[in-house]
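Note sheet for the following structure.
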Amino acid sequence: MKESMTNRIKQEQAHKTQELQNQLSQCTNALESSEELLEFASRTMDIKEPEEFTKAARQIKDRVTMAAAFRLSLKPKVSDNMTYLMVDFSQERQMIQGLKFLPVPKAPEIDPADCIVADNCVTVSWRMPEEDNKIDHYVLEYRKTNYDGLPRVKDERCWETVDDIKGTEHILSGLKFDSKYMNFRVRACNKAVAGEYSDPVTLETKALIFGLDNTSSHLNLKVEDSYVEWDPMGGKSQESKVKGKENKGSCLKVSHFKNPGISSKSSFFLFSYKTSLFCKVMFYINL
């Protein structure tokens, strides 16, 4: 492409130079012919005989009529403004006008009703206001806060980002609910550009709350306000605890596991279902 344009420029310059050379040659020949005609007219003025003078005057008239100098244009065929080279971009303009650019994706919409917060996990679900098959992936951002509603400037924390999400739903697991709420926002991206963020959505993140008491715990567990102790003699009061559990109406399942590598410890997994809340507690107690 570059070589073709260079050759075209050189050809154009050579053509314009040749046009000027031809025009210069024509003007030079016309000047020489005019000088000869003037010299002939000057000699004619010295003729004394009328017939000779009339004949010479007729020749001068014919030569003047047919002289090339009177048919030439003294305007140069190449002017100063013709030294500027022009490039025709009409084809390129049509190609550019035919290009189709990817539009900026619109902001997604997070539906709090479809979001789930449970067991230190958050499932965030969103949708696009209009169907867009040009979207390549989504970017989800979240941060913790202690205020409900829109994010506050004084309580702003750094956004944490989850990139390259292919679907319209994402599960955040392994979280630690050490704040009352969490803010979420998401934006869509195509191959060219990322769109605007969605309106922030605030979800309540309730901490896991559970408790133990003597009537609902294992028979050999001695439960106090600040500690739990294994009491091997606690089975003697089995009847009183069974009655207490019947009154409470709770469901209890206990499994015992002993690690052969640790002879001085026993591990107990206590699963207590109370008011539809699942609690899992592991105790390591020295025997």
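The values are calculated or read from the model by the stated rules, or taken from the named source; none is laboratory data. Everything quoted here is computed from the prediction, not taken from an experiment. Counting neighbours? That spans all protein chains shown, and the Cβs are built from the backbone with ideal geometry, glycine included.
Pick from SER79, SER42, SER90, SER73: which is farther than 30 Å from GLU19 by Cα, exposed (fewer than 10 other Cβ atoms within 10 Å of the Cβ) and without any contact (Cβ under 8 Å) to a residue 60 or more places away in the chain?
Details: SER79 fails: farther than 30 Å from GLU19 by Cα; SER90 fails: farther than 30 Å from GLU19 by Cα; SER73 fails: farther than 30 Å from GLU19 by Cα.
When all the criteria are applied, what remains is SER42.
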Problem set entry | Which listed residue, of ARG143, ARG157, is in a loop (DSSP other than H, G, I, E, B), more than 30 Å from LYS100 (Cα to Cα) and within 26 Å of the chain's Cα centre (by Cα) | ARG157
Exercise. When the range 1-55 is examined, which residues are found to be among the small types (Gly, Ala, Ser) and closer than 30 Å to VAL87 by Cβ?
Worked result: SER4, ALA14
Problem set entry | Single match in VAL162, VAL186 (criterion: at pLDDT 85 or above, surrounded by fewer than 17 Cβ atoms within 10 Å (Cβ to Cβ) and within 29 Å of PRO105 (Cβ to Cβ)) | VAL162
For this session: Answer with yes or no whether ALA107 is over 29 Å from the mean Cα position of the chain (by Cα), surrounded by 15 or more Cβ atoms within 10 Å (Cβ to Cβ) and not acidic (Asp, Glu).
Result: no
Exercise. Exactly one of (1) part of a strand (DSSP E or B); (2) hydroxyl-bearing (Ser, Thr, Tyr); (3) buried (at least 17 other Cβ atoms within 10 Å of the Cβ) is unmet by SER198. Its number?
Worked result: (1)
For this session: Give the residues of the range 119-135 that are under 19 Å from MET182 (Cα atoms) and of a type outside the set (Asp, Glu), sorted by residue number.
Result: ASN120, CYS121, VAL122, THR123, VAL124, SER125, TRP126
